[in-house]
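Everything on this sheet refers to the single structure shown next.
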Amino acid sequence: MDLFDYMRQNSQEKEAPLAARLRPRTLEEVVGQQHIIGRDKLLYRAIKADKISSIIFYGPPGTGKTTLARVIANTTSAQFTQINATVAGKKDMEEVVEAARKLRGMYGKKTILFIDEIHRFNKGQQDYLLPFVEDGTVVLIGATTENPYFEVNGALLSRSVIFELKPLSKEDVKELIHRAVYDSERGMGAYQAVIDEDAADFLADIADGDARHALNAVELGVLTTQRSADGKIHITLETAQECIQKRAVRYDKTGDQHYDTISAFIKSMRGSDPDAAVYYLARMLYAGEDIKFIARRIMICASEDVGNADPQALQVAVAASLAVERIGMPEAQIILAHAASYVACAPKSNAAVTAIGRAMQEVEATGSLPVPPHLQDAHYKGAAKLGHGLDYKYAHDYPNHYVKQQYLPYELTGREFYSPSGNGYEEKIRAHMRRIRAEEGESHAKTGAGDDHIL
């Protein structure tokens, strides 16, 4: 590196965002993640011994995935190369692999390839890397905010050690805030700023484990606040609140937080906990989740988990779905809360979903069994000659609008698919079906008819 390169790099570092300038250079400077980089932990020992194998860092934004990769870059004797999967293509990987081959062949030196947002690579791109990870041409370090077991090639996973990074604690973020304000070398110390304790507490709390979010607010506060009479820049609670308008929420509409939150939402409605259901609804709305998607999940839950225990639940859910599309936010949140709380409080039954599940299994096992002849279509000339529709009993001609006859294929006589629970309206359904079948059974008994299956 010549003088001009050094000056250019130094200038770029000074102009970089605060969060980038404060990235740790050594393991000792890293804040948090002691469950994987504590002194007795595998990753700590591997970095210190310069014996890194292929690894994948997985965790929410702002938890230090890229930071740890840079720490490895600063401590390893290997060549360190970084690419970002959002902009890199196969050609970029080919160039890295070719350079790694030459370096290994000529100098016996390893190449560490850090791929940020590795989940953005498609299957073909990930497959391309596999043989070079396998033979040691490159040591892979991947970083992803998505669950690698869903997003990363299984073959790559089997050759990598996965380290999950946790959201930073409030105390961890607060330590970084103080470092940012008072560090004169890489922080904002040269500005002679001070931060009130309640302001630091507020920023650390509202950052929700995302250090970058808090540091961006600190930088904005220092750069935009006028100096006081004592010549210092005071970051007060009011200043902090102005610099971070909205709490950071770890939520990616295509990632783990999306699936985890909607899962918790549905399970809370199913579990008859309206408070939890409305809380998770608020989480999704706050993060900008699609209101039509939420409405669809409420409709599904109304049928899958409530069903005929309260037939009104599906009507409420469908009406809510139509209403939110016509009204939009912010009022749609009231309608969604209305529907979600109704479904959560409704009596529960999964009899409908169980019924269709049993029936689908039966169809898969036995195929297209013949429809009983008396149920077959008789609305065409010649149907009677084939015996179709003969002896069909019209239910409305009988007491209680019910008459016993074979409806299932004869091969499935006696099979039960729908078994209403004793909850809510299904209790009335059970009682009604027992009553009409019992009365019909008594009528048949008088005429010598056989027994009937009672729910």
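Rule-based calculations on the coordinates, nothing more; no lab input. Quantities reported herein were computed from a predicted structural model and do not represent experimental measurements. With ideal geometry, Cβ positions are generated from the backbone for all residues, glycine too; neighbour counts draw on all protein chains shown.
Summary of packing: across the peptides 309-322, 397-410, 231-244, the per-residue average of other C-beta atoms within 10 Å ranks them, highest first, as 309-322, 231-244, 397-410. Charge dipole (Cα centre; +1 on Lys/Arg Cβ, -1 on Asp/Glu Cβ; no other charges) of segment 256-345 amounts to roughly 140 debye.
Under the criterion of Cα pairs below 8 Å and six or more residues apart, the relative contact order for the chain equals 11 percent.
Measuring against 27 Å, Cα to Cα, the residue pairs Lys51/Lys174; Lys110/Lys174; Lys90/Lys166; Lys41/Lys174; Lys90/Lys110; Lys41/Lys170 contain Lys51/Lys174; Lys110/Lys174; Lys90/Lys166 as the ones spanning a longer distance. Could you list the residues of segment 116-150 with an amide nitrogen less than 11 Å from a label point located 7 Å from the Cα of Asp260 in the Cα-to-C-beta direction? Zone members listed by number: 146-147.
When the Cα positions of Gln312, Ile300, Gly231 are compared along the charge dipole of the chain, Ile300 comes out farthest toward the positive end, with charges on each C-beta of Lys, Arg, Asp and Glu.
Rounded to the nearest 20, the size of the Cβ-charge dipole of the chain about its Cα centre is 880 debye, with Lys and Arg at +1 and Asp and Glu at -1.
Computed from the C-beta positions of Leu390 and Lys91 and an R0 of 56 Å, the FRET efficiency is 0.15 to the nearest 0.05.
Under 15 Å of direct C-alpha separation, and excluding same-chain neighbours fewer than eight residues apart, Lys65 reaches these aspartates and glutamates: Glu29, Asp116, Glu117, Glu146, Glu164, Asp210.
Within straight-line reach of Lys102, meaning a Cα separation under 18 Å, sit the following aspartates and glutamates at least 8 residues removed in sequence or on another chain: Asp92, Glu94, Glu134, Asp135. Work out the charge dipole of the chain with +1 on the Cβ of Lys and Arg and -1 on the Cβ of Asp and Glu about the Cα centre, then indicate which of Pro24, Pro409, Val97 is farthest towards its positive end. Positive-end residue among those listed: Val97. For Cα extents along the principal axes in Å, computed directly from the structure shown, the correct entry in [x] 64, 57, 37; [y] 108, 63, 44; [z] 61, 55, 42 is [y]. Compute the helix-to-body angle for 123-134: its Cα long axis versus the longest principal axis of the chain, expressed 0 to 90° and rounded to tens. The angle comes out at about 50 degrees. Modelled spin labels at Ala16 and Arg415, positioned 7 Å past Cα toward Cβ, are 6.6 nm from each other. Rounded to the nearest 10 degrees, the inclination of helix 90-107 to the longest alpha-carbon principal axis of the chain is 50 degrees.
Dipole check for segment 24-127: with +1 at the C-beta of Lys and Arg, -1 at the C-beta of Asp and Glu, and the Cα centre as origin, the magnitude is about 300 Debye. Axis angle, to the nearest 10 degrees, between helix 211-224 and the longest C-alpha principal axis of the chain: 50 degrees. Extending 7 Å from the Cα toward the beta-carbon at both Tyr286 and Asp201 defines two label points whose distance is 2.0 nm. The residue among Ile118, Ala199, Ile335 whose Cα reaches farthest toward the positive pole of the charge dipole of the chain, with charges on the beta-carbon of Lys, Arg, Asp and Glu, is Ile118. Residue order for Ser53, Ser77, Ser268, Ser349, fewest other beta carbons within 10 angstrom first, comes to Ser77, Ser53, Ser268, Ser349. Length gained on full extension, Arg434 to Ile162: 92.2 nm, using 0.36 nm per residue less the C-alpha separation. Between Val194 and Ala229, the distance separating the two model label sites (each 7 Å from Cα on the Cα→Cβ line) works out to 1.4 nm. When shorter helices are ignored and each DSSP H run of at least 4 residues is given -39500 (n - 2.57), the per-residue value for the chain at 222 nm works out to -15500 deg cm²/dmol.
Compared with the alpha-carbon gap, the fully stretched path from His379 to Ala99 is longer by 93.1 nm at 0.36 nm per residue.
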